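Taking it in order: structure first as structure tokens, then the write-up.
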């Protein structure tokens with residue numbers, strides 16, 4: 001469902017869905033909304049916002065999925081977004097998803113939301129796993145103790161959804177929300193402290209914040225709330241607050257909330273002490289979290305995942321790539337009576353571009369299915385755990401390892417793989433860094449040019465390239481962390497949820513939703529850019545050697561000369577930004593070998609139509625080794641391909657960031673090329 | 001009283017104190033590391049992150065983070 005239809009739902013009740021990551025929140029979201037979903041970004045943020053709609057007994061509801069968070073203290077952007085929505089938008093009903101198999105910790109979000117002015121339903125998910133652990137809960141008692149409705153669920157098996165719908169209806173139809181005053185949750189010193197602070201800030205708290213909640217957040221050292229109150233309070237009063245807020249106050253208040261949780265759990269247990277001890281790892285987990293074995297296991301699993309994605313995604317993608325030129329030729333023949341530019345536009349500009357985007361779509365769906373599977377099973381946090389010390393050297397978390405590894409096969413897969421990184425900031429850093437890692441297609445070009453120019457010394461070129469890549473990653477990570485998205489690497493604090501049986505519906509829902517998001521943004525961008533590339537390479541007279549693209553190459557010659565390029569290599573570098581596969585074909589055409597193409601888009605997938613030996617000997621005659629080396633480096637660091645940037649746009653949903661990253665890759669490519677050329681001039 | 005990082009695998013510790021500044025304490029206490037919480041050590045190789053069990057959950061903590069949590073060994 002698109003935005004306009006969502007908006008047209010009049011008089012709909014707003015229901016918000018909150019929960020910690022890995023509690024099955026998105027499964028519940030999918031079960032409630034079905035296909036009526038819209039994915040966008042939170043206004044002004046790169047954090048994804050999912051909205052959906054559903055109807056129940058004649059009433060329409062709008063469902064907003066809040067980012068997964070552990071608490072509602074301003075420790076991350078996700079937490080600020082979630083609490084701002086609850087406090088400022090005031091949803092009619094707030095569903096807090098709790099994992100019954102990780103009850104104590106996931107109930108913390110209930111303790112956090114309970115003190116806000118909102119009506120809450122607790123969705124107690126994963127009851128089956130809890131049962132297997134020997135944990136039996138009386139949900140009625142639990143609900144009574146917390147003062148909220150508790151709905152036991154196994155969302156992956158569709159159990160509890162009708163009950164949840166009924167609870168939503170009841171909750172929405174009931175009167176004004178009842179807020180739980182602090183004394184129902186906090187006790188002793190913590191409560192006394194909150195009351196004390198509340199007295200100091202009385203009358204100074206801006207709406208819609210509540211005094212008691214504000215007092216609580218001040219004591220927890222919440223930066224955003226502290227900032228607001230510092231400006232509003234008289235200096236003397238602020239000093240009084242400042243003297244009360246310290247390490248101890250934080251521990252006291254959070255500790256008190258956890259005590260409340262423990263009391264609720266112990267009073268709602270059916271038979272105390274029946275639980276198996278949960279603090280035991282299963283056999284696989286012992287291997288998966290082993291510092292050495294765990295790394296091998298991770299590499300094996302990821303390799304398997306990449307191969308699986310290729311097996312699933314390549315056949316349909318290749319089929320499209322095969323049919324596409326035929327459709328293009330067929331169109332050309334059919335339109336033989338029309339002007340040449342028109343038939344070329346349709347055949348080379350539109351059909352090929354749409355074909356590439358379609359082929360990509362199939363490949364992307366396969367990647368999403370595999371990533372969705374790994375996420376659903378719950379393995380990825382283990383991988384993150386074993387690779388964290390390694391990734392830390394890049395200022396990143398262990399979870400970024402998977403997208404990086406996937407990038408080695410295909411940058412598009414890497415960009416999509418960044419979905420598994422939870423925090424938007426870490427994810428954004430990973431997103432910008434993944435395309436720096438050279439994909440298989442780049443290695444293909446590097447191997448060809450390397451062998452032609454450097455023969456047996458090619459491995460040395462590869463080693464040099466690898467070293468520069470590592471430096472590039474380190475520098476980029478540094479720039480991103482210190483300038484673009486400031487904030488230091490917060491240490492590793494990550495939960496390893498229990499393993500889950502994979503659920504096909506969940507995985508398919510995940511893949512389809514992300515696939516749709518790609519169709520909407522990435523697909524359009526790829527088709528558009530392909531068209532523009534065609535325009536540039538066809539006009540003014542249908543010959544690439546005299547086209548606008550060639551003129552651009554000639555215009556950029558001064559830059560090319562810094563790398564020892566002539567205009568043809570400059571054009572090849574521009575083509576490489578659209579597709580690495582096409583860059584060799586472009587070189588072949590420009591150096592007068594192989595068949596004539598009327599457009600660059602026609603070159604993609606056109607391997608084998610020129611003789612590699614012939615191309616090699618011509619290149620050696622016309623290009624200096626220093627320029628060839630510079631070309632290898634410039635090509636490796638340039639924009640990977642339009643597919644990757646399409647995926648980048650689809651993932652960030654921000655043209656600004658997509659353009660910014662493109663500029664960054666281009667600049668770093670030119671810098672690398674110029675440096676390498678000038679350094680190698682000293683040797684060759 | 002020892003930092004969490006010194007707890008041997010299989011040992012149980014009870015949180016006594018957390019150091020490292022208000023921002024860190026705020027973040028880590030929200031995930032369940034509060035006074036009197038019981039922690040079982042699952043993985044500890046003296047370097048790299050540790051793996052512990054706390055409040056129904058397996059949690060991975062960086063070595064630096066584990067050093068900031070002060071626990072008392074609990075006799076089992």
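The values are calculated or read from the model by the stated rules, or taken from the named source; none is laboratory data. Since we're looking at a predicted model, the values are computed, not measured. Every residue, glycine as well, gets a Cβ built from its backbone with ideal geometry; the counts of neighbours run over all protein chains shown.
Inspect all residues belonging to the range A:464-487 and state whether any of them is within 14 Å of chain B (Cβ to nearest Cβ), farther than 23 Å from residue A:380 by Cα and touching a residue at least 60 places away in the same chain (Cβ under 8 Å).
Checked the range A:464-487: at least one residue is within 14 Å of chain B (Cβ to nearest Cβ), farther than 23 Å from residue A:380 by Cα and touching a residue at least 60 places away in the same chain (Cβ under 8 Å).
Can you tell me how many residues within the range A:220-241 are on the phi < 0 side of the Ramachandran plot and within 11 Å of chain B (Cβ to nearest Cβ)?
Step one: of the range A:220-241, the residues on the phi < 0 side of the Ramachandran plot are A:220, A:222-241.
Going one step further and asking which of them are within 11 Å of chain B (Cβ to nearest Cβ), we end up with A:220, A:222-223, A:226.
Number satisfying all stated conditions: 4.
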Tally, over the range A:89-114, of residues that are more than 14 Å from chain B (Cβ to nearest Cβ) and over 16 Å from residue A:167 (Cα atoms) = 3
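Test residue B:21 against the criterion of being on the phi > 0 side of the Ramachandran plot, surrounded by fewer than 24 Cβ atoms within 10 Å (Cβ to Cβ) and facing chain A (nearest Cβ under 9 Å), and give yes or no.
Values: on the phi > 0 side of the Ramachandran plot: yes; surrounded by fewer than 24 Cβ atoms within 10 Å (Cβ to Cβ): yes; facing chain A (nearest Cβ under 9 Å): yes.
So residue B:21 passes the test.
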ask   = If you take the residues in the range A:111-141 that are part of a helix (DSSP H, G or I) and free of Cβ contacts under 8 Å to residues at least 40 places away in the same chain, which one is farthest from residue B:58 (Cα to Cα)?
value = A:140
request  = Being within 17 Å of residue B:76 (Cα to Cα), at pLDDT 95 or above and in contact with a helix residue (DSSP H, G or I) (Cβ under 9 Å, 6 or more places away or on another chain) is the filter here, so list the residues in the range B:14-36 that pass it.
outcome  = B:15
query = Do any helices (runs of 4 or more DSSP H) lying entirely in the range A:351-458 carry at least 3 residues that are over 30 Å from residue A:614 (Cα atoms) and touching a strand residue (DSSP E or B) at 6+ places or on another chain (Cβ under 9 Å), and which ones are they?
reply = A:380-392
key: Residue pairs meeting the criteria (Cβ under 6 Å; at least 6 apart or on separate chains; first surrounded by 12 or more Cβ atoms within 10 Å (Cβ to Cβ), in the range A:258-287; second in a loop (DSSP other than H, G, I, E, B) and modelled with pLDDT of 85 or more)   = A:258/B:34; A:260/A:185; A:261/A:107; A:268/A:138
query = Taking the stated definitions as given, is residue B:16 within 7 Å of chain A (Cβ to nearest Cβ) and more than 9 Å from the chain's Cα centre (by Cα)?
reply = no
ask   = How many residues does the range A:242-269 hold that are over 27 Å from residue A:147 (Cβ atoms) and either within 13 Å of chain B (Cβ to nearest Cβ) or modelled with pLDDT of 95 or more (or both)?
value = 6
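Here are some residues: A:180, A:169. Which one is part of a loop (DSSP other than H, G, I, E, B) and either in the same structural domain as residue A:123 (by TED's automatic domain parsing) or in contact (Cβ under 8 Å) with a residue 24 or more places away in the chain (or both)?
Step by step, each of A:180, A:169 is checked, and only A:180 is part of a loop (DSSP other than H, G, I, E, B) and either in the same structural domain as residue A:123 (by TED's automatic domain parsing) or in contact (Cβ under 8 Å) with a residue 24 or more places away in the chain (or both).
Find the residue count for the range A:394-418, including only residues that are surrounded by fewer than 21 Cβ atoms within 10 Å (Cβ to Cβ) and in contact with a helix residue (DSSP H, G or I) (Cβ under 7 Å, 6 or more places away or on another chain).
Taking the range A:394-418 and keeping what is surrounded by fewer than 21 Cβ atoms within 10 Å (Cβ to Cβ), we get A:395, A:408-409.
Imposing the further condition that a residue be in contact with a helix residue (DSSP H, G or I) (Cβ under 7 Å, 6 or more places away or on another chain) reduces the set to A:395, A:409.
The number of residues fulfilling the criteria is 2.
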request  = Would you be able to tell me the number of residues in the range A:488-503 that are surrounded by fewer than 15 Cβ atoms within 10 Å (Cβ to Cβ) and either out of contact with any helix residue (DSSP H, G or I) (no Cβ under 9 Å at 6 or more places or on another chain) or within 14 Å of chain B (Cβ to nearest Cβ) (or both)?
outcome  = 1
query = When the range A:460-486 is examined, which residues are found to be at pLDDT below 90, surrounded by 12 or more Cβ atoms within 10 Å (Cβ to Cβ) and over 19 Å from the mean Cα position of the chain (by Cα)?
reply = A:482
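Here's the yes/no breakdown for (1) within 14 Å of chain B (Cβ to nearest Cβ); (2) without any contact (Cβ under 8 Å) to a residue 60 or more places away in the chain:
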position	(1), (2)
A:333	no, yes
A:336	no, yes
A:355	no, yes
A:371	no, no
A:383	yes, no
A:394	no, no
note = Among A:82, A:71, the single one that is touching a helix residue (DSSP H, G or I) at 6+ places or on another chain (Cβ under 7 Å), closer than 22 Å to residue A:212 by Cβ and buried (at least 23 other Cβ atoms within 10 Å of the Cβ) is A:71
task = All but one of (1) surrounded by 22 or more Cβ atoms within 10 Å (Cβ to Cβ); (2) under 33 Å from the mean Cα position of the chain (by Cα) hold for residue A:129, so report the exception by its number.
result = (1)
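Which one of these is in a helix (DSSP H, G or I), more than 25 Å from residue A:366 (Cα to Cα) and modelled with pLDDT of 75 or more: A:553, A:564?
It is A:553.
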query = Considering the range A:629-654 alone, what residues qualify as being modelled with pLDDT of 90 or more and either surrounded by fewer than 18 Cβ atoms within 10 Å (Cβ to Cβ) or not in a helix (DSSP H, G or I) (or both)?
reply = A:638, A:639
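Identify all residues within the range B:28-73 that are in a loop (DSSP other than H, G, I, E, B), within 9 Å of chain A (Cβ to nearest Cβ) and at negative phi; write none if there are none. Spell out the reasoning first.
Restricting attention to the range B:28-73, the residues satisfying the condition of being in a loop (DSSP other than H, G, I, E, B) are B:31-37, B:44-49, B:55-56, B:62, B:68.
Going one step further and asking which of them are within 9 Å of chain A (Cβ to nearest Cβ), we end up with B:31-37, B:45, B:47-49, B:55-56, B:62, B:68.
Across the range B:28-73, the qualifying residues are B:31, B:33, B:34, B:35, B:37, B:45, B:47, B:49, B:62, B:68.
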